[in-house]
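Below you'll find the structure, written out as structure tokens, and then a few comments.
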Amino acid sequence: MKLASFHQFETEKMEKRRRSTSSSSSSSSSKKHDGEDDAHSHHILHRPISPLLCVIVFAVLIRYLVSLHPYSGAADPPKYGDYEAQRHWMEITLNLPAKDWYRNTTSNDLTYWGLDYPPLTAYQSYVHAQFLKFFDPESVALVTSRGHESPLGKFLMRLTVLSSDLVIFFPAALWFVFAYYGGRSRVRREELLWHLSLVLLNPGLILIDHGHFQYNCISLGLTVAAVAAIFVEKDLVGSFLFCLALNHKQMSAYYAPAFFSHLLGKCFKHQNPILKVAKLGLVVLGTFLLIWWPYVYPLKGAMEVLRRLAPFERGIYEDYVANFWCTTSILIKWKRLYSMQLLKLLSFSMTLLSILPSIIQQIRSPSRQGFLFAMLNSSLSFYLFSFQVHEKSILLPLLPASLLALDEPLMFQWFMNYALFSMFPLLRRDQLLIPYVALYMLFALLYYCPFRKQDSSGNGSVNGWKASAMALFLLCSLLLHLIYLTLKPPEKYPFLFEAMIMLLCFSQFVFLAIYSNMKQSKLPSRFVWIDKKKVL
């Protein structure tokens, strides 16, 4: 009995040792596999940086070449154009106290390009004005500098846009790419460079900022940085950066529903949601208070700024923008038939209703890709249905579409084609036809380069009747390009060709909005926020 008992004890001991060895081997194998994933991710992000530098240098060179062409309002008195507006804001912020920047005074005639962007734009104008004053004080002299167009002044103004791009948009784009793909082990370095190239060489942004002349690179760059911060779990930093974007250009509110719903959805998944919401709220309030401090007391100052930010007196639409109100005005004369109050209510209701499905999806199931789709759907809804939209506002939905380029390459290409086409009349008036064609061709070369993503799921290619329909629409856009450049419209309908371009682009934007909302609705209906450590 003792011998049998001893034999049983030895058998159990050997069995425990075998299980322990097996468990240790399995653990070692798992660690090895995880280590390989980490090493692969590190390898992608830390390869030799020469190709990356080439992309950045090339993007800077393209911006410089575009800046050699004319700008909005060049040699076109008495009010010139957007170039003069930006220069005038520098003149005003440099020579007048902050309390008079948004107020009509003898030195600040608001009918002549009065400031109509939030305070951060005014502070940016002040900083750039100091730079111009040092090298060319005549270009920012009070009153006497109106319409100033000296070669040195133009060079310095162009330089302020390029430096803003380099300081804000370029680092934000790099941060986004590293944050979005840092945890993926199946993304090739070439694909990352391809995506980064598409973001940095966005033809629409380059043509408007470095051709037409604006500073969208600041607000859009801050937005991209906010997205990257949220992707690396720095929600408070992301909220702060997005508040900066909102306070630079009020159109950044196009993204606000996406940021709100995504962060709220993440808060609901947190162990202490009330505390997390309180922290985010304090960051938002603190950032706004800091930026608006010169106008907080007395309250009259803040109201003067707010009235400048919401120019309802211009009407529900202006020019031939490819949105719902302008397109349907061919049949329904909105401005003539309905009051301003009713139009504001209709615009708000339709914008909110079109955004609602996207908001609900992100509150229920916040995810990285869902967040980007929510940004696209929200901004596109604002573009299509909100009050007083400009042609240049298409840059806002175009940004999240570019951030989704590796996941949805065909959608991005399709969107880029018609976003550029919708701005074609504006760019033609600015005499930017050559850079428009050159950047269009450059985009096509980049999109079809050998390193682009080969998507077997169907997101990168089409066939059958879909391909035929897309080819037909592209042919229509090509013909309209040629017609606009070569023919004169009938005297009775001087804006006939602009209306035709508007109709075609509007139809494609509606189709893209439906497609994008469907893609977001089909995302997994569970919390899929990617955190590599938690998954492992």
- Task: Determine the share of region 239-371's accessible area contributed by carbon and sulfur atoms, expressed in whole percent, with a 1.4 angstrom probe.
- Result: 72
- Item | Residue-normalised accessible area of the chain, expressed per residue, 1.4 Å probe, Å² | 49
- So what are the ³J(HN,Hα) numbers for region 480-490, from phi and the Karplus equation (6.51, -1.76, 1.60; θ = phi - 60°), rounded to whole Hz, Gly and Pro as x? 5, 4, 5, 4, 5, 7, 10, 10, 9, x, x
- Task: Of the options 310, 215, 264, report the single residue whose Cα projects farthest towards the positive end of the charge dipole of the chain (beta-carbon charges: Lys, Arg +1; Asp, Glu -1).
- Result: 264
- Please work out the Cα center distance from region 347-395 to region 184-239, rounded to the nearest Å. 18
- Message: If you split all Cα-Cα distances of the chain into 20 Å bins from zero, what percentages do you get per bin, shortest first?
- Response: 19, 52, 21, 5, 2, 0
- Task: For region 76-123, build the convex hull from the C-alpha positions and give me its volume per residue in Å³.
- Result: 73
- For region 297-418 the translational diffusion coefficient, Stokes-Einstein from a Kirkwood Rh over Cα pairs at 4 °C and viscosity 1.567 mPa s, in µm²/s, is roughly 80
- What is the diffusion coefficient of region 178-277 in µm²/s, taking the Kirkwood radius over Cα pairs and the Stokes-Einstein relation at 25 °C with a viscosity of 0.890 mPa s? 161
- Task: Quick one: pull the percent of accessible area on region 464-504 belonging to carbon and sulfur, 1.4 Å probe, ligands and nucleic acids left out.
- Result: 76
- Query: For region 282-434, what is the charge dipole size about the Cα centre, in debye to the nearest 20, if Lys and Arg each add +1 at the Cβ and Asp and Glu each add -1 at the Cβ?
  - Reply: 420
- Protein accessible area in region 69-219, 1.4 Å probe - carbon and sulfur %: 62
- Ignoring ligands and nucleic acids, residue 481 exposes an accessible area, probe 1.4 Å, in Å² to the nearest 10, of 30
- Toward the positive end of the charge dipole of the chain, about the Cα centre and with charges on Cβ (Lys, Arg +1; Asp, Glu -1), which of 180, 421, 352 goes farthest? 180
- Task: Rounded to whole Hz and in sequence order, give me ³J(HN,Hα) for region 413-429 from the Karplus expression 6.51 cos²θ - 1.76 cosθ + 1.60, θ = phi - 60°, writing x for Gly and Pro.
- Result: 4, 5, 5, 4, 3, 8, 5, 5, 5, 5, 9, 4, x, 4, 5, 5, 4
- Value of relative contact order over the chain, rounded to a whole percent, pairs C-alpha under 8 Å and six or more apart: 16
- Using alpha carbons only, what's the Rg to Rh ratio of region 101-223 with Rh from Kirkwood? 1.09
- Work out, step by step, the length gained on full extension between residue 138 and residue 109: first 0.36 nm times the residue separation, then minus their alpha carbon distance; give nm to one decimal. 8.5 nm
- In order over region 68-83: 3J(HN,Hα) from phi, Karplus 6.51/-1.76/1.60, θ = phi - 60°, whole Hz, x for each Gly or Pro, gives 6, 8, x, 10, 4, x, 4, 6, 10, x, x, 9, 6, x, 4, 4
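Provide the gained length on full extension for the span residue 162 to residue 314, in nm with one decimal, where the gain is 0.36 nm per separating residue minus the Cα-Cα distance.
Once the chain is fully extended between residue 162 and residue 314, it gains 51.6 nm.
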- Of 164, 139, 107, farthest towards positive along the dipole that unit charges on Lys, Arg, Asp, Glu beta carbons give region 70-195: 164
- Message: Let me check against my output: what whole-number percent is the relative contact order of region 201-271, with C-alpha pairs under 8 Å and at least 6 apart?
- Response: 24
- Message: Using 31 Å as the Cα-Cα cut-off, could you pick out the over-long pairs in 333/466; 344/392; 466/492?
- Response: 333/466; 466/492
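Which value at 222 nm does the chain reach when only helices count, each DSSP H run of 4 or more adding -39,500 (n - 2.57), with the total divided by all residues and rounded to the nearest 500 deg cm²/dmol?
Calculated from helices alone, the mean residue ellipticity at 222 nm is -21500 deg cm²/dmol.
The values are calculated or read from the model by the stated rules, or taken from the named source; none is laboratory data. What you see is a predicted model, and the numbers here were worked out from it, not measured in a lab. All Cβ positions, glycine included, derive from the backbone under ideal geometry; neighbour counts span all protein chains shown. SASA here: full protein model, heavy atoms, side chains in, ligands and nucleic acids out. Shrake-Rupley method; radii C 1.70, N 1.55, O 1.52, S 1.80 Å.
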